[in-house]
Amino acid sequence: MRLKFLGTGTSQGIPVIGSQHPVCLSTNPKDKRLRTSALISLDNGKKILIDCGPDFRQQMLANHEGQIDAVLITHEHNDHVIGLDDLRPLIFKNKMEMPIYCQERVGKEIKFRFPYAFAEKKYPGSPSFEIVTARENFELFDEKITSINVMHGALPILGYKIKNMAYITDASQISNSEKEKLKHLDFFIINCLRKEQSHHSHYILPEVLDLVEELQPKMTYLTHISHLLGFHDDLLEELPMHIQPGYDGLEIEF
Ligand SMILES: [Zn+2]
Ligand SMILES: [Zn+2]
C-alpha cells in the first residue's frame, strides 16, 4: 500500500498570494505546498483520497492520477472539502455516487455546500455524492480503517489509521485514550503549522516534538505546513532523522 502526499501546505498554501517572505519566494519545488491532501493506493488497485481541497484538480493532473474510489474527509474546513465538485469527471466515468466518509456533522455541511450533488432531479453535469458516516472502525475495499478523534481547537475532527500508518491533520490536541491508537506507529503523519507562537487550532513544532517523543513512531512526516516553519532543506538538517517535513509528491510504502 502506498500513500502519496498530494499537498502539504496550510490553508493558504505556499507561496501565500502576495507574500514576500523568503520561504514564499523560494525556488525549491519542495517549498511549494498545495493544500493538504493525500492519496492512498491499495494493493488491490483501489484509490482512497484523504481530503479534497481547492487544489484537488491541479494535484490530480500534476500526479497523473485519474482514479478515486472513495474519499475520507477529516473535517469541513474549506481547504479540506471545497474541491469535491472536481470529482465530477471520475464520477461520470464510473457512473457512480462517490462515497464520502466523514463525521455526521461534516456530512451535513457537505450537503449544505453542495446541495446539487444530492438533488433528486439533478441539473445535467452535477456530481453525485454518497455520505457515509465514518465509524470508529470500518472497512473500505477490504481494508480496515480506524477513525482517530482529535481536537482542532474546539472542533472535534477525524484522523485516519490504516495498517500501522496514521494520518492526522489540523489537530491541536489528542486525548490520552485516542493516543493509545497512535503508539509505536510505522508512519505518523501530523500537522505542524510553524516553529513558534502557539496556535489555537494547530500544533506547532515544539508540540509535535513532544508528541513524537510520547508516541514513539518509527517515522514522522509533517504536513499542513505554513511558510513560518521555514525552508524544507533547513528543516531536514534541523530535525532528527526520524522526523521530516512532508513535501508535495512524497510517497511512502507501508
Ligand atoms: Zn486545514
Ligand atoms: Zn481546519
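Every number in this text was worked out from the coordinates using simple rules, so none of it is lab data. What you see is a predicted model, and the numbers here were worked out from it, not measured in a lab. All Cβ positions, even for glycine, are placed from backbone atoms using ideal geometry, and neighbour counts span all protein chains on display.
Points to keep in mind about this one:
- Whole-Å distance, taken between Cα centres, linking region 163-235 and region 13-90: 19 Å
- Cα-centred dipole magnitude for the chain, charges only on beta-carbon of K, R (+1) and D, E (-1), debye, nearest 20: 760 debye
- Taking trypsin sites (Lys or Arg not before Pro) across region 79-145, the ones in a DSSP loop with at most 15 further Cβ atoms lying within 10 angstrom of their Cβ are 95, 121, 122, 135.
- Residue with peak Gaussian network fluctuation, the chain [Cα springs, cutoff 10 Å], from 226, 201, 147: 201
- For the chain, the longest principal axis of the C-alpha atoms and the axis of helix 205-215 are separated by about 80°.
- Under the simplified labelling scheme, the residue 218-residue 20 pair shows an inter-label distance of 4.7 nm, with each label point 7 Å from Cα along Cα→Cβ.
- Across the chain, C-alpha contacts under 8 Å between residues 6 or more apart give a mean separation that, scaled by the residue count, equals a relative contact order of 20 percent.
- Ellipsoid equivalent to the chain - semi-axes via the Cα gyration tensor, in Å: 28, 21, 17
- For a paramagnetic label modelled on residue 61 (point 7 Å from Cα along Cα→Cβ), amide N atoms under 16 Å away belong, within region 31-45, to 34-35.
- Converting phi to 3J(HN,Hα) with the Karplus coefficients 6.51, -1.76 and 1.60 and the offset θ = phi - 60°, region 237-254 yields 7, 6, 8, x, 3, 8, 10, 9, x, x, 8, 4, x, 4, 10, 10, 10, 8 Hz in sequence order, with x at every glycine or proline.
- Within the straight-line cut-off of under 17 Å between alpha carbons, the lysines reachable from residue 183 are 161, 163, 218, sequence neighbours fewer than 8 places apart in one chain being disregarded.
- Rounded to 5, the percent of DSSP beta bridges in the chain classed as antiparallel: 55 percent
- Simple spin-label estimate for residue 253 and residue 176 in nanometres, 7 Å along Cα-Cβ: 4.0 nm
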